[in-house]
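First up is the structure itself, then whatever we jot down about it.
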Amino acid sequence: PRRSVSCSAAMIRWSTALVIVGILLLVLNCMIMQEFGTPFFRSRIHRQQFAGSLFVSTTVARPSVSLTYVSPTSSLPTAVIPTSSSVAAVTFPSSSSPPSSHVANASTSNVACAGDACCSSARGVELWGDVVEWGDAHTTESDVECCSACRQFEPTLDVQNGAQCNTWVWHPQTHACWLKHQKPDALHKSAHITLRKGSHLDVPWISGVWLAHKPCAACVEPSSFVGCISKSKCNTTHACGSPAIDGYAHVDVKCVHKSATATLYKQLLAKGTRLETYHELHSDYDGLGVRWGIGHRKERWQDCEQACIDFKISQGGGPYSALPCNVWTWCSQPSCFEPDAHKHSFGDCWLKFSESPEQPEVNMREPMLPAYLRRHRKQMQAGVPWVSGVLLPPGVAFTNGTWGPRAYW
């Protein structure tokens with residue numbers, strides 16, 4: 001009888017254990033289905049395939065359309081949309097809706113469409129990537145408009161070396177729209193995330209990817225150029241280099257003082273030679289400040305030009321005060337924007353020295369570079385508020401100049 005009781009107790013314990021294990025497996029399977037939309041074993045194989053370890057190409061079928069993912073060795077995944085007029089857009093499973101406070105002005109499904117193209121999107125997800133346009137200065141009314149901004153983004157060589165926008169992140173409360181670029185492997189994973197069901201309600205962001213590729217002829221670095229094509233890539237004729245290429249941090253002061261330009265201007269000034277003047281409205285020329293502009297105010301640009309003519313070389317007034325003035329810049333508005341830490345106001349008159357005043361390094365000019373206007377759209381709404389000019393030796397021709405490093409700040 002004791003053996004019989006022991007066997008019965010053991011059977012009950014084993015049966016209970018098997019029931020518990022079965023329940024745990026069912027719960028685990030349900031959790032995986034909620035997260036990935038597929039049972040455990042299929043989910044595992046799908047993730048391995050997506051990582052590229054078991055396949056070269058896999059197509060995820062959707063009604064009347066397919067979204068093709070190519071292997072990570074390819075350049076970028078592409079969205080394949082049939083040419084049939086009956087198909088208006090790529091469709092994806094709808095994600096569960098977050099609380100109403102998280103979806104103001106947001107689209108109702110996880111595909112954001114604008115015009116004839118769409119971006120797959122996911123609520124409760126913040127995708128990462130290299131920023132091509134900062135959201136703190138770029139807002140849109142909806143995630144659909146943020147997706148459209150990503151599609152319309154024109155890549156340029158000075159922004160992430162010509163990277164195009166293929167990822168966007170939108171915040172429903174602040175309306176901040178961040179445009180980003182991801183490399184192929186990361187973009188594959190992000191595209192997979194946007195196809196999942198469900199969302200993280202504690203994450204307010206809505207994110208999406210755009211899988212098309214936009215050709216960019218302007219993103220190819222030219223074999224030869226004069227001036228700057230980015231804030232760190234310059235080909236200058238200056239013997240001492242472009243001073244703003246690293247934010248003026250490593251200017252060779254001795255080289256500048258011994259430069260042929262500094263020597264020539266000192267000789268001309270000693271002889272009393274009258275220099276020829278040129279000016280340009282809505283422009284900002286670069287140079288080393290021989291007279292700091294903040295606190296040095298003039299009522300008209302003509303007065304600032306005259307201040308450059310009258311400038312006397314001095315010692316002890318700063319590292320560049322012993323250089324002659326051959327470039328000047330004047331603020332014409334109550335507030336004048338510069339991409340630096342200073343506040344510039346009406347009348348600020350900057351006196352500067354440049355190695356090549358006849359070919360000025362231009363910080364700003366109208367029309368301004370599109371990428372610069374995107375970066376500083378709020379500050380540049382009224383255009384370029386500066387007036388600039390140069391003083392040249394008699395007979396030296398004034399040219400259009402080149403873009404300087406600050407044009408890419």
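The values are calculated or read from the model by the stated rules, or taken from the named source; none is laboratory data. In this text the structure is predicted, and so the values were computed from the model without any measurement. Don't worry about glycine lacking a Cβ; one is built from the backbone with ideal geometry, like all the others, and counts go over all protein chains shown. To get the accessible areas, we keep the full protein, side chains included, count just its heavy atoms, and leave off ligands, DNA and RNA. Shrake-Rupley method; radii C 1.70, N 1.55, O 1.52, S 1.80 Å.
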**Q.** Residue among S232, S242, S199, S207 that alone is at pLDDT 85 or above and under 24 Å from G135 (Cα atoms)
**A.** S207
Q | Scan of the range 215-247 for residues that are within 30 Å of L187 (Cα to Cα) and open to solvent by less than 40 Å² (accessible area, probe 1.4 Å), ordered by number | A | C216, C219, I229, S230
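Could you tell me whether S232 is among the polar types (S, T, N, Q), closer than 22 Å to R374 by Cβ and either under 18 Å from the mean Cα position of the chain (by Cα) or not in a loop (DSSP other than H, G, I, E, B) (or both)? Break it down stepwise before answering.
Working: among the polar types (S, T, N, Q): yes; closer than 22 Å to R374 by Cβ: yes; either under 18 Å from the mean Cα position of the chain (by Cα) or not in a loop (DSSP other than H, G, I, E, B) (or both): yes.
So S232 passes the test.
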Q. In the range 158-183, how many are assigned to a loop (DSSP other than H, G, I, E, B) and either over 14 Å from R375 (Cα atoms) or touching a Phe, Trp or Tyr at 6+ places or on another chain (Cβ under 7 Å) (or both)?
A. 12
Q.
So D286 ticks every box in (1) touching a strand residue (DSSP E or B) at 6+ places or on another chain (Cβ under 8 Å); (2) farther than 17 Å from L392 by Cα; (3) in contact (Cβ under 8 Å) with a residue 60 or more places away in the chain but one. Which box is left unticked?
A. (2)
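Across the range 155-196, which residue is most open to solvent (accessible area, probe 1.4 Å) among those that are of a type in the set (K, R) and at pLDDT below 90? Please lay out each step first, then the result.
Filtering the range 155-196 for residues of a type in the set (K, R) gives 180, 183, 189, 196.
Okay, now just the ones that are also at pLDDT below 90, so 189, 196.
Values: K189: 129, R196: 63 Å².
Residue satisfying both the conditions and the ranking: K189.
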Q) Quick one: how many residues across the range 381-398 are modelled with pLDDT of 90 or more and either in a loop (DSSP other than H, G, I, E, B) or among the hydroxyl-bearing types (S, T, Y) (or both)? A) 10
Q. What number of residues within the range 369-390 are open to solvent by 70 Å² or more (accessible area, probe 1.4 Å) and either touching a Lys or Arg at 6+ places or on another chain (Cβ under 8 Å) or of a type in the set (K, R) (or both)?
A. 2
Q. Which of the residues spanning the range 243-279 are acidic (D, E) and either over 26 Å from E366 (Cα atoms) or more than 30 Å from the chain's Cα centre (by Cα) (or both)?
A. D252, E276
Q) Looking at (1) over 22 Å from the mean Cα position of the chain (by Cα); (2) without any contact (Cβ under 8 Å) to a residue 40 or more places away in the chain, which is the only condition P367 fails? A) (1)
